[in-house]
1. Please state which one of B:38, B:75 is at pLDDT 65 or above, outside any helix (DSSP H, G or I) and within 12 Å of chain A (Cβ to nearest Cβ).
2. In segment B:165-179, is there at least one residue being over 30 Å from residue B:230 (Cβ atoms) and without any contact (Cβ under 8 Å) to a residue 12 or more places away in the chain?
3. Within the group B:167, B:177, which residue is surrounded by fewer than 22 Cβ atoms within 10 Å (Cβ to Cβ), within 14 Å of another protein chain (Cβ to nearest Cβ) and under 18 Å from the mean Cα position of the chain (by Cα)?
4. Is it the case that residue B:194 is in contact with a helix residue (DSSP H, G or I) (Cβ under 8 Å, 6 or more places away or on another chain), at pLDDT 95 or above and in a helix (DSSP H, G or I)?
5. Looking only at segment B:138-154, how many residues end up being farther than 17 Å from residue B:192 by Cβ and away from chain A (no Cβ under 13 Å)?
6. When you go through B:117, B:135 one by one, which is the residue that is crowded, with 16+ Cβ neighbours inside 10 Å and within 10 Å of another protein chain (Cβ to nearest Cβ)?
7. Just one of A:88, A:30, A:108 is within 12 Å of the chain's Cα centre (by Cα) and more than 14 Å from every other protein chain (Cβ to nearest Cβ); which is it?
8. Right, residue B:147: in contact with a helix residue (DSSP H, G or I) (Cβ under 9 Å, 6 or more places away or on another chain), within 15 Å of residue B:119 (Cα to Cα) and surrounded by fewer than 21 Cβ atoms within 10 Å (Cβ to Cβ) or not?
């Protein structure tokens, strides 16, 4: 019984802290700042949830925004891009460019998305 | 370890810790989700009243420029002639008997019974509860039936790859687009860019149903028309002085 309990606790411990040490290789400017300040969990309480569920969140939000006029920041693509864009030499790099925040994982798992043929790929405000 | 943990104790302790985590988690979600979250309702109907007599030629040009600036269209380099998008344009109408020429701004009229919505095969062309007619570009397949159906020639098709779009106005190749009544501004309590570009009372924007709104009161007082009123579309954009 004790052994089982230890195994169970060890598993839950690793699943909770599995991602905390290993950061995304290119988190983006504002997101890195927030992480340094320890505030990133206020935005994404569960990292595994946002990693797995973000397509559903975005899909749900897009219909709410477009068809019902709900323009909250939570789950909006605009807010994703705002935090997860990286700047270089005083300019933002498009978030869907190779090795940027969106494309690192999408390249790896081999999905190609069509968000950014219409949506803006950098934050609106210039540096 | 001397003390054996029995089943009952184990369940007790896990329940307590789960309840603790749940309380904290619900606190987090409450703070992050509690923002203004109200869908639009049919208690409002957005509309616009354009008074031709108060608009000069340059006022109409300003309206067109303001729309381009706000929504980021008009810089397409590869599109030619009729391919170029025009969300709002200046048109001239001539009275054949007297030869009197009026210029007026023409954009999506935000009909209550929109023909573009009737013909759309994918439900991309749609009308919001508050009367704003939009294209859901996620669903648009670019068939352009709506462009054929629109009596006002208000819609455009994007013929080329675009980049650097406005943050609030996604636009892309292969989809149809038109005036959105600057819905991104209206949802935040603002007015459309074209209405803002005109000083004075040449263009009045507001809620047609609200008896206290300026547009409602003005429409009660003065003579106004809907363009192609014979089609019974009940447009949201009204004109006076034609």
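1. Details: B:75 fails: within 12 Å of chain A (Cβ to nearest Cβ).
The unique qualifying residue is B:38.
2. So in segment B:165-179, the residues over 30 Å from residue B:230 (Cβ atoms) come out as B:165-175.
Next, only the ones that are without any contact (Cβ under 8 Å) to a residue 12 or more places away in the chain stay: B:167.
Yes: segment B:165-179 contains one or more residues that are over 30 Å from residue B:230 (Cβ atoms) and without any contact (Cβ under 8 Å) to a residue 12 or more places away in the chain.
3. Numbers: B:177 fails: surrounded by fewer than 22 Cβ atoms within 10 Å (Cβ to Cβ).
Only one candidate qualifies: B:167.
4. Working: in contact with a helix residue (DSSP H, G or I) (Cβ under 8 Å, 6 or more places away or on another chain): yes; at pLDDT 95 or above: yes; in a helix (DSSP H, G or I): yes.
So residue B:194 passes the test.
5. Pass one, segment B:138-154, residues farther than 17 Å from residue B:192 by Cβ: B:138-151, B:153.
If we keep only those that are away from chain A (no Cβ under 13 Å) too, we end up with B:143-151, B:153.
Looking only at that region, the number is 10.
6. On the way: B:117 fails: within 10 Å of another protein chain (Cβ to nearest Cβ).
Criteria check complete, one pass: B:135.
7. On the way: A:88 fails: within 12 Å of the chain's Cα centre (by Cα); A:108 fails: within 12 Å of the chain's Cα centre (by Cα).
Exactly one of A:88, A:30, A:108 is within 12 Å of the chain's Cα centre (by Cα) and more than 14 Å from every other protein chain (Cβ to nearest Cβ), namely A:30.
8. Taking the combined requirement at face value, the residue satisfies it.
The values are calculated or read from the model by the stated rules, or taken from the named source; none is laboratory data. Keep in mind it's a predicted model, so treat the numbers as computed, not measured. All Cβ positions, glycine included, derive from the backbone under ideal geometry; neighbour counts span all protein chains shown.
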